[in-house]
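Below is one structure; the comments refer to it alone.
The values are calculated or read from the model by the stated rules, or taken from the named source; none is laboratory data. These numbers were taken from a predicted model, which means no experiment stands behind them. Virtual Cβ from ideal backbone geometry, glycine too; neighbours counted across all protein chains shown. Surface areas here come from the heavy atoms of the whole protein model, side chains and all, with no ligands, DNA or RNA. Shrake-Rupley method; radii C 1.70, N 1.55, O 1.52, S 1.80 Å.
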Amino acid sequence: GGALASSFTTSQGLLLMIPNLYKMAGECLPAVLHIAARAVASHALSIFGDHSDVMSVRMTGFNMLASSSVQEAQDMAMCAHMIAHKASLPVLHFFDGFRTSHEYQKIDELSLEQIKTLFPLKSAPSAKLSSSQPLMFGTAQNPDVFFQNRLAREAKYREVSKIADEVFAEFKKLTKRGYHKFDYYGDKTAKNVVVLMGSAAETM
């Protein structure tokens, strides 16, 4: 009958998913992954301060949202699901493993009523299978058909930035907490700028 699902994982789980991430993005499925970002194994595994796991899946076609704090982790999780279903594209929402994922903070928790207002399940697009409306996935295609499908998908990606702005505006209207794709803090005539994501932004 179809189901809405999300996955919560870290480096090891995420890296094992890479072949499936390409398929989810290619089929424009509104999947959402919530990732505690950690270091991919090089000489050793580290759970601190590294985004190499999420950076290793940038080319899969997943859209990415980063959270800088515990409050943002909750809020961006909600926004990730809203964006995925409005755009019909997958979203990877990540935050720092251990630094944020294990931190205790008081937050303004979203109520069930707010969640239902922001994400009414009945309006979510359905990808469920039905014998009366057959669909085919995972085919092999010649270049002519293959590239037509690839080009058709590009229109969805062009809309993601606008959809993200709409989602953040909708979220702010209900919660009074405002988010943007990028935020600038500091002197407007600065000669040097530090670009940050994750919990380092809170520290800076």
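Once all protein chains are placed together, Phe119 keeps about 40 Å² accessible to a 1.4 angstrom probe. Computed from phi, the 3J(HN,Hα) profile of region 182-194 under the Karplus parametrisation 6.51, -1.76, 1.60 (θ = phi - 60°) reads 9, 10, 10, 10, x, 5, 5, 10, 4, 8, 10, 10, 9 Hz, with x in place of Gly and Pro. 3J(HN,Hα) couplings calculated from phi for region 165-174 with the Karplus curve 6.51 cos²θ - 1.76 cosθ + 1.60 (θ = phi - 60°) are, in sequence order, 4, 5, 5, 4, 5, 5, 5, 5, 4, 8 Hz; Gly and Pro show x. At most 16 other C-beta atoms within 10 Å and a DSSP loop state: those are the exposed trypsin sites (Lys or Arg not before Pro) I care about. Give me the longest piece of the chain that has none. In short, 1-105. Using every pair of separate Cα atoms, the Kirkwood estimate puts the hydrodynamic radius of region 49-110 at 12.5 angstrom. Take the Cβ-Cβ distance between Thr117 and His43 as r, set R0 to 41 Å, and report the resulting FRET efficiency rounded to the nearest 0.05. So, using R0 = 41 Å, E works out to roughly 0.30. Taking GluC sites (Glu not before Pro) as exposed when DSSP calls them loop and at most 14 other C-beta atoms lie within 10 angstrom, the chain has its longest site-free stretch at 1-102. If you plug the beta carbon distance of Asn192 and Ser161 into 1/(1 + (r/R0)^6) with R0 = 41 Å, you get a FRET efficiency near 0.90.
Farthest towards the positive end of the charge dipole of the chain, among the residues His85, Gly186, Ile35, is the Cα of His85, using unit charges on the Cβ of Lys, Arg, Asp and Glu.
Of the DSSP beta bridges with both residues in the chain, give the percent that are antiparallel, rounding to the nearest 5. Close to 10 percent. Based on C-alpha pairs under 8 angstrom that are at least 6 apart in sequence, region 1-110 has a relative contact order of 31 percent. FRET efficiency for the pair Leu135 and Ser7, taken as 1/(1 + (r/R0)^6) with r the Cβ-Cβ distance and R0 = 22 Å, rounds to 0.45. The Cα atoms of region 150-194 give a gyration tensor whose axes a ≥ b ≥ c have a/c of 1.5 or more with a/b no greater than b/c, which makes the shape oblate.
For Ser46, the residues whose modelled amide H falls within less than 5 Å of its own, excluding neighbours fewer than 5 places apart on the same chain, are Ala39.
Binning the C-alpha pair distances of the chain at 10 Å intervals from 0 yields a P(r) profile of 7, 30, 35, 20, 6, 1, 0 %, listed from the shortest bin outward. When the pairs Lys23/Lys116; Lys162/Lys188; Lys116/Lys172; Lys23/Lys156 are compared against a 19 Å limit on Cα-Cα distance, Lys23/Lys116; Lys162/Lys188 fall above it. Gain on full extension, evaluated as 0.36 nm per residue between Met204 and Glu103 minus their Cα-Cα distance, stands at 34.6 nm.
In the context of the full set of protein chains, residues of the chain present 64 Å² of accessible surface per residue (probe radius 1.4 Å, heavy atoms only). In the chain, helical runs assigned H by DSSP with n ≥ 4 each contribute -39500 (n - 2.57); averaged across all residues and rounded to the nearest 500, the mean residue ellipticity at 222 nm is -12500 deg cm²/dmol.
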